[in-house]
Amino acid sequence: MKMNKSNCEKAEMLVEVLPYVNRFRDKIIVIKYGGNAMINEELKKAVMQDLLLMKSVGMHPILVHGGGPAINDMLKKLKVESHFEQGLRVTDKETMEIVEMVLAGKVNKDIVGTLNQIGGKGIGLSGKDGNLIQVRKKYLEKNGEKIDIGYVGEVEAVNKEMLESLIYSGYIPVISSIGMGQDGMSYNINADYVAGAVAKAVQANKFILLTDVEGIFRDYHDKDSLISRITLEEIEALEEEGIISGGMVPKVDCCIDALKGGVAGAHIIDGRLRHSILLEVFFDEGIGTMIDRDKEGVN
């Protein structure tokens with residue numbers, strides 16, 4: 001049978017990914033899912049295909065998601081006004097009910113449905129299921145005074161036994177960023193921090209954050225200044241210098257916390273690129289910014 005060039009190139013590609021399949025078989029990879037990859041249907045399907053392929057070759061992906069745009073849309077439809085303090089939504093009881101309905105209901109089940117439709121075994125979870133995510137109430141501080149912003153939480157503990165039981169039974173957990181406080185109430189949590197806490201709890205080999213930028217830049221206005229690899233010590237220095245700012249701060253902070261907690265490597269990549277997860281996991285070049293614990297690298 002005559003083999004065309006295209007098929008030969010595909011075979012070479014399979015050979016290239018084999019070492020990575022072997023390296024990450026039986027390893028846990030936590031992915032924070034957000035941005036355009038959640039909104040664009042083509043990108044959304046590509047992410048689900050990436051998860052299914054990873055699971056099919058013996059890896060254990062866990063997906064954590066937020067859903068800010070969907071929450072904003074629902075609040076607007078219901079004519080519920082949003083108030084913010086230091087960039088965080090002040091979440092009263094009525095708003096929290098809507099947030100939970102959107103995140104744990106519509107967004108989470110849409111993701112699980114898409115994943116299962118292509119042959120996966122996705123299972124949707126909120127932090128309330130099986131006490132998966134236990135939280136403490138978050139307060140802000142302004143001019144030396146404590147500010148109450150309602151039902152907004154910080155992760156206190158993650159039920160890693162539950163997640164391990166699911167992944168080793170063949171499931172792909174899909175987790176919405178809702179947790180439960182000691183008072184039994186639901187709390188909204190920044191999804192970046194949830195993903196980092198999950199990665200730390202299960203000692204993930206990789207922690208990947210999908211964003212709407214190519215990675216971390218030394219100068220955001222200079223696209224040639226993309227940092228492809230950086231150590232934990234170096235990235236903390238960049239944060240202190242104010243080079244890392246805005247929406248990148250919580251992403252970098254959760255990476256730092258995860259790495260200090262034992263996670264092998266953290267990656268901030270462009271979720272606007274189809275199959276960006278596979279490109280990061282399976283190929284030599286990788287994409288975006290890789291953060292290692294030290295100069296030796298761990299992955």
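Residue separation times 0.36 nm, minus the C-alpha to C-alpha distance between GLU154 and ASN72: what's the value? Write out the running numbers ahead of the final one.
Working: separation 82, 0.36 × 82 = 29.52 nm, distance 2.11 nm.
Computed gain between GLU154 and ASN72 is 27.4 nm.
In this simple spin-label approximation, GLU241 and ALA11 carry label points 7 Å from Cα along the Cα→Cβ vector, and these lie 4.9 nm apart. Solvent-accessible area assigned to carbon and sulfur over the stretch 194-295 amounts to 48 percent, based on a 1.4 Å probe.
So if we plug the beta-carbon distance of GLU141 and HIS275 into 1/(1 + (r/R0)^6) with R0 = 35 Å, what FRET efficiency do we get, rounded to 0.05? Could the numbers behind the result be given before it?
On the way: r = 42 Å, r/R0 = 1.21.
Efficiency for this residue pair is about 0.25.
How about the stretch 22-106: which GluC sites (Glu not before Pro) there lie in a loop by DSSP and see at most 10 other Cβ atoms within 10 Å? Mind showing how you got there, number by number?
Working: sites: GLU41, GLU42, GLU81, GLU85, GLU94, GLU97, GLU100; in loops: GLU81.
Here the GluC sites (Glu not before Pro) that fit, given the DSSP loop and packing criteria, are GLU81.
Note on surface exposure: SER186, SER56 rank SER56, SER186 by accessible area, highest first, 1.4 Å probe.
If I stretch the segment between ASN22 and LYS93 completely, what's the gain in nm (0.36 nm per residue apart, minus their alpha carbon distance), one decimal?
Contour length minus the Cα-Cα distance gives 20.8 nm.
What does the convex hull of the alpha-carbon atoms of the stretch 29-100 project to on average, in nm²? Present the calculation step by step, with values, prior to reporting the outcome.
Details: hull surface 24.2 nm².
Value for the stretch 29-100: 6.0 nm².
I want to make sure I understand the PRE zone here: with the label point 7 angstrom from the Cα of GLU41 toward its beta carbon, which residues in the stretch 98-114 have backbone N atoms less than 19 Å away? Counting only backbone N, you get 106-114.
With protein chains left intact and a 1.4 Å probe, residues in the stretch 24-292 average 45 Å² of accessible area per residue. One chain, two ends: HIS83 and LYS121. Fully extended at 0.36 nm per residue, the span grows by 9.9 nm beyond their Cα-Cα distance.
The values are calculated or read from the model by the stated rules, or taken from the named source; none is laboratory data. Remember, predicted model here, so these are calculated numbers, not experimental data. Glycine gets a Cβ as well: all are built from the backbone with ideal geometry, and neighbour counts include every protein chain shown. Please note that ligands, DNA and RNA were not included when accessible areas were found on the heavy atoms of the full protein model with its side chains. Shrake-Rupley method; radii C 1.70, N 1.55, O 1.52, S 1.80 Å.
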